[in-house]
Amino acid sequence: MKGYGGRILRVNLSDGKISKEEISDEMRRKFLGGRGFAAKILWDEVGGVDPLSEDNKIVFSTGPLTGLPLPSSGKMVIASKSPLTGGYGDGNIGSMAAVHLRRAGYDVMIVEGRSETPCYIAIQDEEVKILGAREIWGRTTFESQDRLEANHGKTIGVLVIGPAGEKMARFANVISQRGRAGGRPGMGAVMGSKNLKAVVVKGTGKIPVFNEKKLREMGRKGYGEIKGKENYDFWIRQGTMQVFEWCNENSCLPTLNFREGTFQFSKRLDGYALEGAKVDRKGCPLCNMQCGNIIKDAENRNVEMDYENVGMLGPNIGMDDLRKVGVLNRMADEYGLDTISLGSCLGFLMEASERGLIYERIAWGDLDACKKVIEDTGKRRGLGETIYEGVRMASQRVGGNSRDWAMHVKGLEVSAYNCHACPGMALSFGTSPIGAHHKDAWVISWEISTDRFSYSKEKVEKVVELQRLRGGLFESLTTCRLPWIEVDFGLHWYPKYLEAAMGEEISQGELFELGDRIYALIRSYWIRENRSWNREMDYPPSRWFEEPLSKGDLKGYKLDRARYDEMLSRYYEIRGWDENGIPKRETLEVLGLGDVVGGLGKHG
Ligand code: SF4
């Protein structure tokens, strides 16, 4: 089958063994690539392990479109058993490392074991080495990227962790190209637990495709179509920040640890404020709608900003100065901490301080206090010790009623959308396969423009439809979903791209089934790894049910628990899962996952 290098690179850091394995046709047909491959590998190889032990594995997985001359195809998925949630964890990242891995002839790299001393993996086509990382251990991601480029050349692809990953902060992520980030559920901590500081890749080969001429021609047309779209120019100006003011107007901007949905100083932070401060833009390889907005932060350093960062490190912590938000954003990237989780942890600490649940004083919007917390998280001391395992564990340490306002689902902190009056988006967070992340079903814009307050069947169906496309298709291809979502790039292109790359026609129905298969497999993974699984794990945080909004046009609104529960039951029904959210035997069999039934033990 074309479209693939066809090989998995396996690196064992305990014994130094490096091997190359073939990917079977069955694997390619059933799981396509990216998240699909990662979920299958983790199901088969990583069960019952401590996520930070040498028994865990980390998977770097590309898809059949990665690295090809097609719109926004410079992405890969990094997946592992998550130390933050205890379940399946992954994140995509835009990086030259994804492109180079494919050019070197590998679709996937699995890293297992643990090195005795700090190391990094260097791949140059067939040559794969495990090298000492003492000179970069302890350094920030930016400094490490500089050093690695000095050693290996500026054209390499780099995936690197910061001091937070080294110290195994459980929301440590992976950074590339000084600002691209991925792997929210602690993928950086897993690398740190293996003493793996970085991966550098250089590939000089060609990615084999079925019909190169046709693929290039369609790629050109695709890039052209994107540039001609009505919203293209505005997107280029603001990127994801175009949504900021809309969120404020619709009471879904995360404000003061998700207490509120509107922020009185939103104009100081919104897309237009950003435009005024913008000095450059950058983004992922092979993308012609790059969305990384560069501004000078309050310390006159360059930082790449997007909506999630500004939402969580701005209104969510009461910070009303864009350049100060930039300082925290840049420090998070340097230390290798996920900005969404960091913003949630800081908001949590501020609320705990306000309520007198912690001794330390940390006021809303206090830049210096936030900087200290970031440094301390990277060193695991002071308040950093309180939050380094995320808000779920922080609430256990802090006590009181903090469990009710620790904003997470399954241990992963909620992304930047307040859901007091968005039941569909709440369901999306509740049923996301990695915890409360917006990636899989950003249903909020459809929801607000249709029947916002309903708990309807249509809304549940929309969540599933978006999960199939966003969480199934795009995460497996592996390309960025934003051209489709943000500038209305035609979905019909993707089956055509796949056909030109692979030489096989895949229908939309088959692609939907692929998404369902991946979801069922990931859900099975959660069940197998969490013997105390129950449907409450698919609930959003209590705050949205118990404490109504006290400000704005939607003052008084909150979610209705019983009606949410009905939505959840409908969701399970559509997915073919039982009343506890466990995939039924017949569902698994229809999806070609009959072998998974045995792995579910008493649940199977
Ligand atoms: S739109 Fe943004 S996130 Fe998507 S590929 Fe382009 S730069 Fe990366």
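The values are calculated or read from the model by the stated rules, or taken from the named source; none is laboratory data. Just so it is clear, the structure is predicted and the values come from calculations on it, not from any experiment. Reconstructed Cβ throughout: ideal geometry from the backbone, glycine too, with neighbour counts over all protein chains shown. Areas reflect the complete protein model, heavy atoms only, side chains present, ligands, DNA and RNA absent. Shrake-Rupley method; radii C 1.70, N 1.55, O 1.52, S 1.80 Å.
Numbers at a glance
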quantity: Matching residues, segment 133-162, being crowded, with 21+ Cβ neighbours inside 10 Å and part of a helix (DSSP H, G or I); calculated: Thr141, Ser144, Gln145, Leu148
quantity: Residue within segment 345-353 that is touching a residue at least 24 places away in the same chain (Cβ under 8 Å), out of contact with any Leu (no Cβ under 9 Å at 6 or more places or on another chain) and over 24 Å from Cys422 (Cβ atoms) present; calculated: yes
quantity: Residues satisfying the stated conditions in segment 224-254, i.e. open to solvent by less than 10 Å² (accessible area, probe 1.4 Å) and assigned to a loop (DSSP other than H, G, I, E, B); calculated: Ser251, Cys252, Leu253, Pro254
quantity: Gly205 outside any loop (DSSP other than H, G, I, E, B) and not β-branched (Val, Ile, Thr); calculated: no
quantity: Residue match in segment 473-491 (condition: surrounded by fewer than 22 Cβ atoms within 10 Å (Cβ to Cβ), within 22 Å of Asn211 (Cα to Cα) and in contact with a Leu (Cβ under 9 Å, 6 or more places away or on another chain)); calculated: yes
quantity: Residue count for segment 136-186, restricted to those that are among the basic types (Lys, Arg), within 16 Å of the ligand (Cβ to nearest atom) and at pLDDT 95 or above; calculated: 1
quantity: Residue list for segment 266-305, filter: of a type in the set (A, V, I, L, M, F, W, C), more than 10 Å from the ligand (Cβ to nearest atom), outside any helix (DSSP H, G or I) and open to solvent by 20 Å² or more (accessible area, probe 1.4 Å); calculated: Val279, Ala298
quantity: Top-ranked residue of segment 14-39 - restricted to ones that are in a helix (DSSP H, G or I) and within 22 Å of the chain's Cα centre (by Cα), ranked as farthest from Thr117 (Cα to Cα); calculated: Phe31
quantity: Unique match (being over 16 Å from the mean Cα position of the chain (by Cα), modelled with pLDDT of 95 or more, under 21 Å from Gly3 (Cβ atoms) and not in a loop (DSSP other than H, G, I, E, B)) among Leu70, Leu101, Leu42; calculated: Leu101
quantity: Qualifying residues in segment 43-75 (those that are within 16 Å of the ligand (Cβ to nearest atom) and open to solvent by 20 Å² or more (accessible area, probe 1.4 Å)) - the one nearest to Ile23 (Cα to Cα); calculated: Lys75
quantity: Which numbered condition Asn257 misses (of (1) among the polar types (S, T, N, Q); (2) away from the ligand (no atom under 14 Å from the Cβ); (3) surrounded by fewer than 24 Cβ atoms within 10 Å (Cβ to Cβ)); calculated: (3)
quantity: Candidates Ile175, Ile121, Ile130, filtered to the one that is out of contact with any His (no Cβ under 6 Å at 6 or more places or on another chain), part of a strand (DSSP E or B) and under 21 Å from Cys345 (Cα atoms); calculated: Ile175
quantity: Odd one out for Asp55 among (1) more than 30 Å from Arg531 (Cβ to Cβ); (2) part of a loop (DSSP other than H, G, I, E, B); calculated: (1)
quantity: Number of positions in segment 95-132 that are surrounded by fewer than 17 Cβ atoms within 10 Å (Cβ to Cβ) and under 18 Å from Ser14 (Cα atoms); calculated: 5
quantity: Selected residue (criterion: surrounded by the most Cβ atoms within 10 Å (Cβ to Cβ)) from residues of segment 415-440 that are in a loop (DSSP other than H, G, I, E, B) and out of contact with any helix residue (DSSP H, G or I) (no Cβ under 6 Å at 6 or more places or on another chain); calculated: Asn418
quantity: Gly382 being in contact with a Lys or Arg (Cβ under 9 Å, 6 or more places away or on another chain) and open to solvent by 20 Å² or more (accessible area, probe 1.4 Å); calculated: yes
quantity: Matching residues in segment 528-576 - criterion: being touching a Leu at 6+ places or on another chain (Cβ under 6 Å), in a loop (DSSP other than H, G, I, E, B) and in contact (Cβ under 8 Å) with a residue 24 or more places away in the chain; calculated: Tyr557
quantity: Selected residue (only one of Met319, Met312 is open to solvent by less than 30 Å² (accessible area, probe 1.4 Å) and either within 16 Å of the ligand (Cβ to nearest atom) or part of a loop (DSSP other than H, G, I, E, B) (or both)); calculated: Met319
quantity: Segment 470-480 - residue that is more than 19 Å from Ile448 (Cβ to Cβ) and not polar (S, T, N, Q) and, of those, nearest to the ligand (Cβ to nearest atom); calculated: Cys480
quantity: Where Glu546 falls short, out of the listed (1) open to solvent by less than 40 Å² (accessible area, probe 1.4 Å); (2) more than 25 Å from the chain's Cα centre (by Cα); calculated: (1)
quantity: Output for segment 486-527, where each listed residue is part of a helix (DSSP H, G or I), within 16 Å of the ligand (Cβ to nearest atom) and in contact with a Phe, Trp or Tyr (Cβ under 7 Å, 6 or more places away or on another chain); calculated: Glu486, Val487
quantity: The listed residue being more than 16 Å from the ligand (Cβ to nearest atom) and among the small types (Gly, Ala, Ser), out of Gly94, Gly132; calculated: Gly132
quantity: Residue match in segment 216-223 (condition: surrounded by fewer than 22 Cβ atoms within 10 Å (Cβ to Cβ), within 15 Å of the ligand (Cβ to nearest atom), in a helix (DSSP H, G or I) and among the basic types (Lys, Arg)); calculated: no
quantity: Output for segment 1-55, where each listed residue is under 12 Å from Val111 (Cα atoms) and polar (S, T, N, Q); calculated: Asn12, Ser14, Ser19
quantity: Contacts under 9 angstrom Cβ, first residue in segment 234-254 being closer than 21 Å to Gln290 by Cα, partner within 14 Å of the ligand (Cβ to nearest atom) and among the β-branched types (Val, Ile, Thr), 6 or more apart; calculated: Trp235/Val487
